[in-house]
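Below: the structure, in structure tokens.
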Amino acid sequence: MLLYQFHELWRAGMAPFTYWAEAGSKMFSAPGSWLAGMPEAQRVAAGCELMYRIGKEYEKPEFDLHNVEIDGQQYPVVQREVMRTPFCRLLRFKRYSDDADNIAGLKDDPTVLVVAPLSGHHSTLLRDTVRTLLQDHKVYITDWIDARMVPESEGAFTLDDYVLTLQKFMREIGTDSLHVISVCQSTVPVMAAVSLMAAAGESTPQSLVMMGGPIDTRESPTAVNNLAVQKPLSWFKENVIHSVPSNYPGRGRSVYPGFLQHAGFMAMNPERHFQSHWDFYQDLLKGDLDDAASHRRFYDEYNAVLDMPSEYYLDTIRIVFQEHLLPRGLWDVAGARVTPSAIVDTAMLTIEGELDDISGQGQTRAAHALCSGIAEENHAHMTVMGAGHYGIFSGRRWRTEVYPAVRDFIAAHSAAPAVASKRPRKAA
């Protein structure tokens, strides 16, 4: 199928129009431009910007995390690449201070690995998650690489490879003082990785925080779950898997293209997205620059998508959504059976959103029944009332309701709990 090639051809053909629209929006709105003084100039500028934003290509955003406020003081933050595989980077956001007491306080904070989902969007979608965690933790995150940028010579990437990658990262950081936060799709490979490490006698993270993930999609199935079940695996192979065109480093690689995923995201709530763009146009006409800027920030992130390796995507459809191998106790990774009951020394907190339309209620909570080896007092669950899927890890509810519970849970299960009541630090 040549759909990917046709998409690239269409995008190249649209490029001159998007450039023209961008220029038009500036010419009819820039202070000092004689065109800005013409009748209906503001309407023309608004229409041009809307056309530009609909037609432009959205690149991967930056994390843009350069400082964090702790106890009323600003601390500089530097993003570092700790480790890299062909399909993923392990990033650390390191906080700095020039005061010895402050440095000691930062070093005492628990270490957290945030495992971003490999499900279409870039890991920068968890920017708010990371920014908030940095107040009280040393933070690492998985940064998945767009499959179209990975040369075909690097080989395939399967769900097994995902699990093994997470194990490699956890060993690199050190599990003795590690807490792992998994979001959405990543909850499944995280559970597999930790289960296999426990079964092999390795040390495991001090706690697992699982947020809105498809541990058992037989519970409260959503429209996303139903689609995966209603179609046979052959349908997905024939209709959504395509080869990367020759203008990318990964040319020839078999992928689930980002533009198809984006179309699926938009199709889930077309009325909401149409209304959002119309409101953006109206905000530009009214001169409401704050709301217009908020729209730009959201869609700069939402519209930036990546290609997923076809092997990994099809594995996920089959293992997680169609055959439910994890909750049925039938999943083997690299020849070893995934046995969550082997996890003993790791505490577990599951978090679900009341209105989550991607991972229904009960799907994440099912992890507790699987992890029967964990002592009862080390199990905890939280349902966030009024929150959808994104609300449990980003936005106001995440910062005011979810994060305090996560912070206190991590502190309670740390080797040296000191987070729940913040330590005083000198001015940075």
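Could you work out how far the C-alpha centroid of the range 322-350 sits from that of the range 231-261, in angstrom?
Cα centroid of the range 322-350 versus Cα centroid of the range 231-261: 29 Å apart.
List the extent of the Cα atoms of the range 175-318 along each of their three principal axes, largest first, rounded to whole Å.
Ordered largest first, the range 175-318 gives principal extents of 63, 40, 37 Å.
For the chain, modelled as a Gaussian network with Cα springs under 10 Å, which listed residue fluctuates most, SER97, SER414, SER153?
The residue with the greatest mean-square fluctuation here is SER153.
Using the structure shown, list the pairs from LYS60/LYS94; LYS26/LYS56; LYS60/LYS168 with a Cα-Cα distance above 19 Å, or answer none.
Beyond 19 Å between Cα atoms: LYS60/LYS94; LYS60/LYS168.
Any idea how far apart GLN275 and ASP345 come out in nm if each label point goes 7 Å out from Cα toward Cβ?
Calculated label separation equals 5.2 nm.
What order do you get for 166-172, 12-18 when each peptide is scored by the mean count of other beta carbon atoms within 10 Å, highest first?
For the peptides 166-172, 12-18, the packing ranking is 166-172, 12-18.
Under the rule of -39500 (n - 2.57) per DSSP H run of 4 or more residues, summed and divided by the residues of the chain, what mean residue ellipticity at 222 nm is obtained, to the nearest 500 deg cm²/dmol?
Computed mean residue ellipticity for the chain: -12000 deg cm²/dmol.
Once you keep just the Cα pairs under 8 angstrom separated by 6 or more residues, what percentage relative contact order results for the chain?
Computed over the chain, the figure is 20 percent.
Per-residue counts of other Cβ atoms within 10 Å, averaged by peptide: what ranking do you get for 335-341, 274-280, 131-137, highest first?
131-137, 335-341, 274-280
Please identify the DSSP H helices in the chain that span no less than 20 Å along the helix axis (Cα) and have a mean Kyte-Doolittle hydropathy of -0.5 or more.
Answer set is 3-27, 41-55, 159-173.
Applying 1/(1 + (r/R0)^6) with R0 = 56 Å to the Cβ-Cβ distance of ALA100 and MET27, what FRET efficiency is obtained, to the nearest 0.05?
With R0 = 56 Å, the Cβ-Cβ based efficiency is 0.55.
Give the span of the range 260-361's Cα atoms along each principal axis, as three whole-Å numbers ordered largest to smallest.
In descending order, the Cα extents are 60, 32, 19 Å.
Please report the antiparallel percentage of DSSP beta bridges with both residues in the chain, rounded to the nearest 5.
Around 50 percent of the beta bridges assigned by DSSP in the chain are antiparallel ones.
Kirkwood Rh over alpha-carbon pairs of the range 226-299, then Stokes-Einstein at 37 °C and 0.692 mPa s: what D in µm² s⁻¹, rounded to an integer?
For these conditions, the coefficient is 214 µm²/s.
According to a simple spin-label model (label point 7 Å from Cα along Cα-to-Cβ), what is the distance in nm between ALA267 and GLN73?
With each label placed 7 Å out from Cα toward Cβ, I get 5.3 nm.
P(r) of the range 106-213 in 10 Å steps, Cα pairs, percent per bin?
14, 47, 31, 8, 0
For the peptides 234-244, 318-328, what is the packing order when you average, over each peptide's residues, the other Cβ atoms within 10 Å and list the highest mean first?
Listed from highest to lowest mean packing, they are 318-328, 234-244.
Can you compute log10 of I(q)/I(0) for the range 13-145 with the Debye formula, treating each Cα as one identical point scatterer, at q = 0.11, 0.17, 0.19 Å⁻¹?
For the range 13-145, the Cα-only Debye profile gives -0.62, -0.87, -0.96.
So how much slack lies between GLN42 and ARG171, counting 0.36 nm per residue of separation and subtracting their Cα-Cα distance, in nm?
Extra length from GLN42 to ARG171 when fully extended: 40.8 nm.
What number do you get for the chain when its Cα radius of gyration is normalised by 2.2 N^0.38 Å, N = residues?
1.04
Using all C-alpha to C-alpha distances in the range 301-406, build P(r) with 5 Å bins and read off the rounded percent in each one.
Spelled out bin by bin, the range 301-406 gives 2, 10, 16, 17, 19, 19, 13, 4, 1 percent.
Explain nothing, just the number: relative contact order of the range 187-276, from Cα pairs under 8 Å at least 6 residues apart, as a whole percent.
Rounded, it is 15 percent for the range 187-276.
Per 0.36 nm of contour for each residue apart, how much would the distance between ILE54 and LYS286 grow if the chain were fully extended, relative to their Cα-Cα spacing?
81.5 nm
Please give the residues of the range 334-376, grouped as numeric ranges, whose backbone N is less than 20 Å from a label point set 7 Å along the Cα-to-Cβ vector of SER203.
Label zone hits: 342-348, 374-375.
Please compute the modelled spin-label separation between SER234 and ARG11, points set 7 Å along Cα→Cβ, answer in nm with one decimal.
A separation of 3.2 nm, rounded to one decimal place.
Quick note: the coordinates plus some simple rules give every number you see, no bench work behind them. Because the structure is a prediction, the values reported are computed rather than measured. Please note: Cβ atoms are built from the backbone with ideal geometry, for glycine as well, and neighbour counts cover all protein chains shown.
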